[in-house]
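The values are calculated or read from the model by the stated rules, or taken from the named source; none is laboratory data. This structure is a prediction, so every number in the text was calculated from the model and none was measured. Every residue, glycine as well, gets a Cβ built from its backbone with ideal geometry; the counts of neighbours run over all protein chains shown.
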Amino acid sequence: MDANTYQAILFHPDGDFVTDFRNRETKQEVWDEINDMGSRWIFYPISFVATDKTIVDAPEGFEFFKGKRIKTVSRILAKFTEELCEAINKDYPVHHIDFEFAY
């Protein structure tokens, strides 16, 4: 992937992830495609915009992950799987989860 391009990183709450919408020129292009992807998965993934190795944009509640490496985010999310699933299933905000604690 070109260093000046962006992609979507779609995380499962257990830290597993896939990439999609690769080689886009702007972060907004990636967000537009994420917003239009519909429900292709059994659940809605936690979506970020990234370069080849680094998170560059995050949804509300996950801003702490901006600037972090993808592997680091995967590791941190895996530590908070139970809390994330509870928040997602009960439609709670994730602001109360102290991700920095795991960093």
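For the reader, a short list of remarks on this structure follows.
- Screening I9, I55 for residues that are among the aliphatic types (A, V, I, L, M), touching a Ser or Thr at 6+ places or on another chain (Cβ under 7 Å), within 21 Å of A102 (Cβ to Cβ) and modelled with pLDDT of 95 or more leaves exactly one candidate, I9.
- Among the residues of region 81-93, those that are closer than 17 Å to A58 by Cα and either loosely packed, with under 10 Cβ neighbours inside 10 Å or at pLDDT 90 or above (or both) comprise L84, P93.
- The residues of region 64-80 that are surrounded by 12 or more Cβ atoms within 10 Å (Cβ to Cβ) and over 20 Å from D16 (Cβ atoms) amount to a single one, K66.
- Qualifying residue in region 64-81 (condition: within 16 Å of T5 (Cα to Cα), in contact with a Phe, Trp or Tyr (Cβ under 6 Å, 6 or more places away or on another chain), of a type in the set (V, I, T) and touching a residue at least 12 places away in the same chain (Cβ under 8 Å)): no
- The combined condition, being over 15 Å from G15 (Cα atoms) and part of a strand (DSSP E or B), is not fulfilled by V94.
- Flag if T54 is hydroxyl-bearing (S, T, Y) and under 15 Å from I9 (Cβ atoms): yes
- Contact map, region 19-35: residues that are part of a strand (DSSP E or B) paired with residues that are small (G, A, S), Cβ distance under 6 Å, separation 6+ or inter-chain. Pairs shown: D20/A8; F21/A8.
- Scanning region 62-88 for residues that are part of a helix (DSSP H, G or I), closer than 18 Å to L10 by Cβ and not hydrophobic (A, V, I, L, M, F, W, C) returns E63, K71, T72, S74, R75, T81.
- Among residues of region 36-57, those that are hydroxyl-bearing (S, T, Y) and in a loop (DSSP other than H, G, I, E, B), counted: 3
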